[in-house]
1. Quick check on GLY448: is it more than 25 Å from the chain's Cα centre (by Cα), among the small types (Gly, Ala, Ser) and under 30 Å from ALA397 (Cβ atoms)?
2. Residue under question is ALA590, and the condition is that it be small (Gly, Ala, Ser) and out of contact with any helix residue (DSSP H, G or I) (no Cβ under 9 Å at 6 or more places or on another chain); does it hold?
3. Does GLU602 fit the bill of being within 30 Å of ALA250 (Cβ to Cβ) and in contact with a helix residue (DSSP H, G or I) (Cβ under 7 Å, 6 or more places away or on another chain)?
4. When you look at LEU458, is it touching a Pro at 6+ places or on another chain (Cβ under 7 Å) and buried (at least 23 other Cβ atoms within 10 Å of the Cβ), yes or no?
5. Tell me, which strands (runs of 3 or more DSSP E) lie completely within region 434-546 with 3 or more residues that are touching a Lys or Arg at 6+ places or on another chain (Cβ under 6 Å)?
6. How many residues does region 584-596 contain that are surrounded by fewer than 22 Cβ atoms within 10 Å (Cβ to Cβ) and either outside any helix (DSSP H, G or I) or at pLDDT 85 or above (or both)?
7. Name the residues in region 620-658 that are within 41 Å of the chain's Cα centre (by Cα) and farther than 22 Å from THR758 by Cα, would you?
8. Spot the failing condition for ILE699; the list is (1) under 14 Å from LEU777 (Cα atoms); (2) of a type in the set (Val, Ile, Thr); (3) in contact (Cβ under 8 Å) with a residue 40 or more places away in the chain, and only one is missed.
Amino acid sequence: MTIHPDPTNTPGIPEVLRQLQSDPQRGLSAAEAARRLAQYGANAIPEKHLSPLRQFLGYFWGPIPWMIEIAAVLSAVVAHWADFAIITTLLLVNAGVGFWQEHKAGNAIALLKRKLALRARVLRDGLWQEIAAQDLVPGDTILLKLGNIIPADVLLLSGDYLSVDQSVLTGESLPVDKGRGDSAYSGSIVGKGEMQGVVTATGLQTFFGKTAQLVERAESVSHFRKAVLAIGNFLIVSALVLIAVILFVALAIRHEPMIRTILFALILTVAAIPVALPAVLSVTMAVGAERLARLKAIVSRLVAIEEMAGMDVLCADKTGTLTQNRLTLGEPVVIGAHDADELILAAALASERDTGDPIDTAVLGGLPASAPLASYSVLKYQPFDPVSKRSEAEVAAGAERFRVAKGAPQVILDLAQPDVGTRQTVTRQIDALAEKGYRTLGVARKDGDGTWRFLGLLPLFDPPREDSAQTITAGQRMGIDIKMVTGDHLAIAKQVSTLLHLGQNIVPAEALSTDVRTAQTQAEQADGFAQVFPEHKFAIVKALQARNHIVGMTGDGVNDAPALKQADVGIAVSGATDAARAAADLVLTAPGLTVIVDAVEEARRIFARMNSYAIYRIAETIRVLLFMSLSILVFNFYPVTAVMIVMIALLNDFPIMMIAYDNAPTAPQPVRWDMTRVLIISILLGVLGVVASFSLFWIAETYLHLPVGVIRTLIFLKLLVAGHLTIFLTRNTGAIWQRPWPSWSFFNVTIATKVIGTFAAVYGWLIPPIGWGYALLVWAYALVWFLINSGAKIIAYRALDAYRKSSTR
């Protein structure tokens, strides 16, 4: 059942309620709601999910699987059954490992998405309760208020008004005001006001559901992922060029058998191309997201993990992030009230109970026992919104009628319009309290048809969190410039900044220059910003990004959404509105700044794992492909057989996948992709590997006079052992024994695959046997070159660092 009422026809409300069989006073019963949920389905846009079987079969479709499959067919054609068995095993293992890792990653992301699922406040069995938005059904009575993402299509029943941002649905740049009898649509955002409504459509039957294709957003590709994918493309092109040269020489010049040559070339291509690249990327990101979730930081956009590793500026909201967001009421400043009790009572009447709002909680907590609220009836209430900056209530006490308002002092002053002397007195009091770290509320009252009377000021203090100063120091040591952002008065901002050991260069938002370049300089040099409105946050982020900074921005309100979206890393703090959470890349489920610093550390470790894999993959491709190509082209010698190449590729898959679970160092400063540095180290390790392989070939042939088959097995074992040792070299920039040491899972899998390869070489599993003597000789040879490569790597990194320092002077 879906109802689409005419939004201009207010008298249609009773008819809609009748059709929906809904009672807005009690809501649906739990039993009726369950029945309708079974009838209409979940209030969600169904996602396309492949069955596990189709997902598994998908790993046999694509350019790389096609190459492996053609190689298997050619092996069968020439009756190389050993080759056929190994190649088929490689195909199945690649598919199995990829499927399993993607399945685990998919489950992890699904779990994180469930944690971010929207909630809705609904009336069931006469009681208001909070449920998952996907459990809403037509006929439910729900409450909509500031910051909510509207969870279903609703007909508005009661309340003053809603100001709704429908831009995601209709493209309208301005919010739309709605009142009783209007329809509000799923996916739009409540900017102001509070109303109750009845759900008229859910899921695919909503306006959002029917036009879902118009609001689909393509996920952007981060700088780091672009770089890694560029590396993959470079390796593929390089491999194909070299293999094309090999094919030309073998077929056109040396006239070798076509099928055998093409089979060898295909297998060599499979070994050289980074088959596991997509899987390593997705698994590393998913594992990282799981770890961040355990740190109370839920990732809503995986690529933000990479951006977080390079974040060098964090614009942190003062309230709730740097401070406790637990306001306490100070000594009231009486101006026009008879006494402090009247002042606090008026403010309490202009507050909402049981909402958890920190300001209202502090005001209600300071209410004297002699002024019980039960003797007053609130006839009409206008909740606080970021534009008007005040809340207001119409109150009845017996025959007496009056209105009360509380909010920003300047707003209440403009409302009451006191004489110049009173205004100056109030302003001096605000400044004096601000210097002590207090923010203030103005309170006013209007009796009957009279004028507004400014009653006084209520000082509120939000103390810094106990861990904020220590965490800020830790963040600064990590190279993050933390800038405080607050809507509070400049004096309050400076006072809090002093307590947190931040600088004193706090810039009022209105003081930012209209000249773009000057504003960028101001934003870069500032320690914080005061008297900030949401549009200022957006401008601050843009200015810092223009200076080539990777910017993080925290926020919690609906009007913070544009800045959170614009930031490289948008962070919705604990308790943020639905709109802020939807716009953010990272959603915190614990208060404070510590979570962000922990998340940055984890992001840098993830970056280190990806950097390690990139260097290893390039070096390994150079080592194998260049050695093979030169051996065939220069010496007309195939140093390994097709089976050996496939076995190396097969045994490489497992340690590569475990990179995602390895311990990794945390960079002391923000990290960015340095392609030149990666290529230099990769080429160095790759070329040294080629030299080591040719040296072993020369020793085996010239001094040991070994048969060709044995030489090939020696080279196979050397390529396998040395290749896996290279993974340990790429984990850091220093000596191999430096912490963090490899994780047990990574270490054990890497060693286990080398041991399996060693047994294959010793006992001749599908390849000529060499015995334990030669096998141990290869291990010793590989370990000696491992130490040589380690020393060369350290020297190269130091030279690169020295060059960077000299070039920046």
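1. Judged against the criteria, GLY448 is a match.
2. Yes; evaluated as a whole, the condition is true for this residue.
3. no
4. yes
5. The strands (runs of 3 or more DSSP E) meeting that bar are 439-447, 452-461.
6. Number of matching residues: 3.
7. ILE622, LEU626, listed by residue number.
8. (3)
The values are calculated or read from the model by the stated rules, or taken from the named source; none is laboratory data. No experiment lies behind these values; they were computed from the predicted model shown. Cβ: placed from backbone, ideal geometry, glycine included. Neighbour counts: every protein chain shown.
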